[in-house]
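A quick write-up on the structure given underneath.
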Amino acid sequence: MSKHRERPWTVTTHRPLEKLDDNLWAVEGKVPGLPVLRRMAIVKRSDGTLLFYHAIPLDEPTLREVTAWGKPAYLMIAHDNHGIDAHPFAKQLGLKVFGPKSNLEKMRAKFDVDGALEDIPPDPAVSAESIAGTRYDEPVVTVRSGGGARTSLVFCDAFQNNRKEGMPLFFRLVGFAGPKVPLLFKVAFTRDRAALRKDLERLASVPGLTRLVPCHGAVVDADAAGTLRRAAAGV
């Protein structure tokens with residue numbers, strides 16, 4: 001049995017809920033065993049159910065607020081190396097788990113998976129697709145808010161915006177700070193840099209793009225399109 005599967009529901013230090021839009025919340029907390037932060041996005045679908053991208057166990061008051069907002073239904077995992085809390089989170093909330101089709105075999109070796117991204121019931125408020133050129137077909141989630149007037153893009157590792165303050169020296173030296181595609185991602189998690197650059201440029205042109213929500217780092221809510229284009233240029 002894998003370490004992922006054996007890990008119990010474990011609440012680590014996390015910040016208060018970020019209510020980013022009318023159907024998009026998030027919460028940022030510590031990565032177990034690492035000096036970095038991670039963010040879980042929570043999307044309220046048109047039918048009132050909730051889709052979680054990433055899994056962060058929540059303290060009781062925060063969990064009560066989330067479950068009062070909508071009915072937990074789906075958990076999306078970026079790939080098999082990004083789901084340390086997937087099993088306990090899905091079990092605690094009774095969620096169905098989904099991930100990239102190309103990575104399902106590796107994911108199933110670590111935790112229970114119900115299907116690929118394409119198997120999530122469609123909803124006009126939210127959609128997911130794999131980013132071209134990424135080694136594990138990492139998903140990006142598109143969230144449409146305000147009746148479609150505003151669009152947020154939710155990333156895993158392909159786009160990050162890590163804060164320099166408080167970051168360990170090693171992470172600063174290898175270029176993790178700031179809004180970018182980090183060097184480590186370009187080297188270890190990309191199979192086709194040209195395809196990745198082109199797809200990020202495409203995403204930067206999504207109508208109504210208002211916000212970039214990275215798993216690692218600060219939310220970008222000013223000049224989201226320009227920020228993503230500059231990140232693409234650095235791939």
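The values are calculated or read from the model by the stated rules, or taken from the named source; none is laboratory data. Computed from a prediction, not measured in an experiment: that's the story for all the values here. FYI the Cβ positions are ideal-geometry reconstructions off the backbone, even for glycines, and counts take in every protein chain you see. Ligands, DNA and RNA are stripped out before the accessible areas are found, and what is left, the full protein with its side chains, is counted by its heavy atoms. Shrake-Rupley method; radii C 1.70, N 1.55, O 1.52, S 1.80 Å.
For the reader, a short list of remarks on this structure follows.
- Carbon-plus-sulfur accessible fraction, region 60-99 (probe radius 1.4 Å, protein heavy atoms only): 50%.
- Region 4-125 shape via C-alpha gyration tensor axes, a/c threshold 1.5: oblate
- Average 1/r across all pairs of distinct alpha carbons in the chain, invert it, and you get the Kirkwood radius: 17.8 Å.
- The simple spin-label model puts a point 7 Å past each Cα toward its Cβ; for GLU105 and SER46 those points are separated by 3.6 nm.
- Stretching the chain fully between ARG191 and ARG230 yields a gain of 12.0 nm (0.36 nm per residue, less the alpha carbon separation).
- Surface analysis of region 89-213 yields an accessible area of 47 Å² per residue, using protein heavy atoms and a 1.4 Å probe.
- Backbone HN-Hα couplings from phi across region 61-70 [Karplus 6.51/-1.76/1.60, Hz, Gly and Pro as x]: x, 5, 4, 5, 5, 5, 6, 6, 6, x
- Accessible area of region 169-235 belonging to carbon and sulfur atoms, whole % at 1.4 Å probe: 60 percent
- Lys/Arg +1, Asp/Glu -1 at C-beta; the chain dipole; positive extreme among ALA26, THR13, THR190: THR190
- Too-long pairs where the Cα-Cα distance tops 26 Å, listed order kept, from LYS101/LYS164; LYS96/LYS180; LYS30/LYS198; LYS44/LYS101; LYS71/LYS198: LYS101/LYS164; LYS96/LYS180; LYS30/LYS198; LYS71/LYS198
- When the solvent-accessible area of region 1-52 is split by element, carbon and sulfur atoms take up 57 percent of it, the probe being 1.4 Å.
- In plain terms, the chain from ALA68 to GLU118 could stretch by 15.3 nm, reckoned as 0.36 nm per residue minus the Cα-Cα distance.
- For the chain, a crude dipole built from +1 on the beta carbon of Lys and Arg and -1 on the beta carbon of Asp and Glu, taken about the Cα centre, is about 620 debye to the nearest 20.
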